[in-house]
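Everything on this sheet refers to the single structure shown next.
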Amino acid sequence: MITLTHVHKSFGDNHVLRGVSLHVPKGQSMVIIGGSGTGKSVTIKSVLGLVEPDSGRIEVDGREVHEGDRDAFLARFGMLFQGGALFDSLPVWQNVAFRLLRGALKRPKEEAREIAIDKLRRVGLRAAVADLFPSELSGGMQKRVGLARAIAADPEIIFFDEPTTGLDPIMAGVINELIREIVTEMGATTMTITHDMTSVRTIADRVAMLHDGVIQWEGPISEMDGADDPYLAQFIRGRADGPIEAVR
Amino acid sequence: MSGLLSPVAALGRSMLALLAYVGRVAIFAGATVAHVFRPPWYWREFGWALMQIGWLSLPVVGMTALFTGGALALQIYDGGARFQAEFAVPSIVAIGMVRELGPVLGGLMVAARVASSIAAEIGTMKVTEQIDALVTLSTHPMKYLTVPRVVAATLAVPVLVAVGDSIGILGGYLVGVTRLDFNAAAYLKNTFDFLELWDVTSGLIKGAVFGFIVALCGCYFGMNSGRGAQGVGRATKSAVVTASVLIFAANYILTEVFFAA
């Protein structure tokens, strides 16, 4: 469904992606792991067109992402951002229903509010939260609102950027379970970037490890622990010694 | 030889950087204007911007104009006394306010209040990925954030200038009547007898241009903000400084166009 072929991207002298090739099959949950600064976020932002690659092809359903109607293309996606990226000036329900209040998917205001409250309930938040502002919520609640916004328009493809960063282990577990449940029940194709191995084991159908600007290893989650790739082995076991240089 | 040429090379690099910077701002301004005429239009954001930029700037613009009008009356009275021209106070206060001080001071006060808040708000949205979130929600950031603010400022600042002009003239009148012993009726007659419609209109046109500059600078520097608190702080400072300098430059150019013989 999503195919990246030899994607390169540099920022000045910093060559972040050096030929990333990856295929995410329809309905699968692909988790991209890798150290900080290895280009995980750049990879998913390239798919969305937020970052323009220097070279290579990115296709969704066989179609180059920069071709065709951009609004229709983006309407297929939902995204949970690392920090939530909720709009401070809007109450929670308008954040969740943002897409339903304007543009091609516009619904009547009452209907959009109902859908927003329904999605908030789906992520475990009470209806009373709907009229609060993002600044009045805890980090975990903001993550849930971000998740509700990502699924509000029932997208076919959902991206999760570091969904558990900054959360305590229990809340991280709750978010991981929610993502797994929602992905399964919606049948969506997903890409998640994380370095939280608990997230990987809960969310992933397939895992890809990004290192040094290329996909170092890719395969089903069931084969991850037994893989003989030294980079992958060092990363998933969190060892300081190995081929990946650790700054001490 | 290379030692001799290095200052020239540095100057050349600075000039190229300046030209590139001017080019980027010009492209941003052109894109903004182009988006003004293409749907969708976000009326709610436009109304909110009108309230923030126009209505909430009234107190600061009004206070500035009031004190400036009063000080202007005192200065002209004192200066005019040197060649027995004290009688010219009302007309010079009025002409000075509507042609020059009303639009320029109003524009600068709006720059201080609005360019900074727009740059800080949009800059923070950028560093917290809210701009990226807008894109993923099929909403063009320029249409949603820039166009409503720029249009609102372009429409609101002339109204602020008109109110500021009136309050400035009132400030001169109060000082003239209470401190300089002018007859109230004579002061008002002198004010309006020498004031022409073009004096007022030219000031309002200046206000519209200054409003466009202020909002454009706020949006441009916000959208191009660097990372973190330092990046947002730098964007805010650059927005205010650039808007202020451009207001003075635009004021000179417009005055040349409107009034040069």
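Kindly evaluate A:LYS45 against the criterion of being free of Cβ contacts under 8 Å to residues at least 12 places away in the same chain, surrounded by fewer than 16 Cβ atoms within 10 Å (Cβ to Cβ), within 14 Å of chain B (Cβ to nearest Cβ) and of a type in the set (Lys, Arg). So A:LYS45 fails the test. Among the residues here, A:GLU245 qualifies as more than 19 Å from A:ILE44 (Cα to Cα) and either more than 19 Å from the chain's Cα centre (by Cα) or touching a residue at least 40 places away in the same chain (Cβ under 8 Å) (or both). Taken together, A:ARG63, A:ARG99, A:ARG70, A:ARG76 contain a single residue that is touching a helix residue (DSSP H, G or I) at 6+ places or on another chain (Cβ under 6 Å) and charged (D, E, K, R), which is A:ARG99. Of the residues B:GLY54, B:GLY30, B:GLY12, B:GLY47, the single one that is small (Gly, Ala, Ser) and farther than 30 Å from B:THR139 by Cβ is B:GLY12. Within the stretch A:226-237, residues that are without any contact (Cβ under 8 Å) to a residue 40 or more places away in the chain have Cβ atoms under 8 Å from residues that are among the polar types (S, T, N, Q) in these pairs: A:ASP229/A:GLN216; A:TYR231/A:GLN216; A:LEU232/A:GLN216, counting only partners at least 6 apart in sequence or on another chain. In the stretch A:18-27, is there at least one residue being in a loop (DSSP other than H, G, I, E, B), within 18 Å of the chain's Cα centre (by Cα) and within 14 Å of chain B (Cβ to nearest Cβ)? Taking every residue of the stretch A:18-27 in turn, none turns out to be in a loop (DSSP other than H, G, I, E, B), within 18 Å of the chain's Cα centre (by Cα) and within 14 Å of chain B (Cβ to nearest Cβ).
Checked against (1) modelled with pLDDT under 95; (2) assigned to a helix (DSSP H, G or I); (3) within 14 Å of chain A (Cβ to nearest Cβ), B:PHE87 passes all but condition (3). Of the candidates B:VAL60, B:VAL114, the single residue that is part of a helix (DSSP H, G or I), among the β-branched types (Val, Ile, Thr) and buried (at least 23 other Cβ atoms within 10 Å of the Cβ) is B:VAL114.
With respect to B:THR154, determine if the residue is at pLDDT 95 or above, among the hydroxyl-bearing types (Ser, Thr, Tyr) and either on the phi > 0 side of the Ramachandran plot or buried (at least 24 other Cβ atoms within 10 Å of the Cβ) (or both). In short, no. Please work out which residue is surrounded by the most Cβ atoms within 10 Å (Cβ to Cβ), limiting yourself to the stretch B:135-147 and to residues that are farther than 21 Å from A:PHE77 by Cα and away from every other protein chain (no Cβ under 12 Å). The selected residue is B:VAL147.
For beta carbons closer than 8 Å, sequence separation of 6+ or different chains, a first residue in the stretch B:64-93 that is farther than 18 Å from B:PHE192 by Cβ and a second that is among the charged types (D, E, K, R), the qualifying pairs are B:LEU74/B:ARG179; B:TYR77/B:GLU86; B:GLY80/B:GLU86. Among the residues of the stretch B:166-184, the ones that are aromatic (Phe, Trp, Tyr) and under 32 Å from the mean Cα position of the chain (by Cα) come to 1 in all. In the set B:ALA111, B:ALA120, B:ALA115, only one residue is within 20 Å of B:GLU45 (Cβ to Cβ), modelled with pLDDT of 95 or more and away from every other protein chain (no Cβ under 14 Å); that residue is B:ALA115. Of all residues in the stretch A:93-132, those that are surrounded by fewer than 15 Cβ atoms within 10 Å (Cβ to Cβ), closer than 27 Å to A:ALA172 by Cα and either within 14 Å of another protein chain (Cβ to nearest Cβ) or aromatic (Phe, Trp, Tyr) (or both) total 0. Residues that are closer than 24 Å to B:PRO103 by Cβ and aromatic (Phe, Trp, Tyr) were ranked within the stretch B:46-79; the one that is farthest from the other protein chains (Cβ to nearest Cβ) is B:TYR77.
Only one of the listed residues (B:ASP132, B:ASP78) is surrounded by fewer than 17 Cβ atoms within 10 Å (Cβ to Cβ) and assigned by TED's automatic domain parsing to the domain that holds B:THR255. That residue is B:ASP78. The residue of the stretch A:53-83 that is surrounded by the fewest Cβ atoms within 10 Å (Cβ to Cβ), among those that are facing another protein chain (nearest Cβ under 8 Å) and touching a Pro at 6+ places or on another chain (Cβ under 7 Å), is A:PHE77.
Taking the criterion of being in a helix (DSSP H, G or I) and more than 14 Å from chain A (Cβ to nearest Cβ), the residues of the stretch B:31-45 that qualify are B:ALA31, B:THR32, B:VAL33, B:ALA34, B:HIS35, B:VAL36.
Filtering the stretch A:1-17 to residues that are part of a loop (DSSP other than H, G, I, E, B) and more than 28 Å from A:GLY187 (Cα to Cα) leaves A:GLY12, A:ASP13. Scanning the stretch A:136-153 for residues that are free of Cβ contacts under 8 Å to residues at least 60 places away in the same chain and either in contact with a Leu (Cβ under 9 Å, 6 or more places away or on another chain) or among the basic types (Lys, Arg) (or both) yields A:LEU137, A:GLY139, A:GLY140, A:MET141, A:GLN142, A:ARG144, A:ALA148. When B:GLY102 is tested against (1) within 14 Å of chain A (Cβ to nearest Cβ); (2) part of a helix (DSSP H, G or I), just one condition goes unmet, and that condition is (1). If you check B:LEU72 against the conditions, is it surrounded by 10 or more Cβ atoms within 10 Å (Cβ to Cβ), over 30 Å from A:ARG102 (Cβ atoms) and modelled with pLDDT under 90? No, not satisfied. Test of understanding: among A:LEU86, A:LEU90, which residue is at pLDDT 90 or above and at the interface with another protein chain (Cβ under 8 Å from one of its Cβ atoms)? Being at pLDDT 90 or above and at the interface with another protein chain (Cβ under 8 Å from one of its Cβ atoms) holds for just one of A:LEU86, A:LEU90, which is A:LEU86. Take the stretch A:84-108 and flag every residue that is touching a residue at least 40 places away in the same chain (Cβ under 8 Å) and over 21 Å from B:LYS143 (Cβ atoms). Selection gives A:GLY84, A:PRO91, A:VAL92, A:VAL96. Residue selection: B:ALA10 fails the criterion of being closer than 19 Å to B:ALA239 by Cβ and either out of contact with any Gly (no Cβ under 7 Å at 6 or more places or on another chain) or in a helix (DSSP H, G or I) (or both).
The values are calculated or read from the model by the stated rules, or taken from the named source; none is laboratory data. Note that the structure is predicted; figures quoted are calculated from it, not measured. Virtual Cβ from ideal backbone geometry, glycine too; neighbours counted across all protein chains shown.
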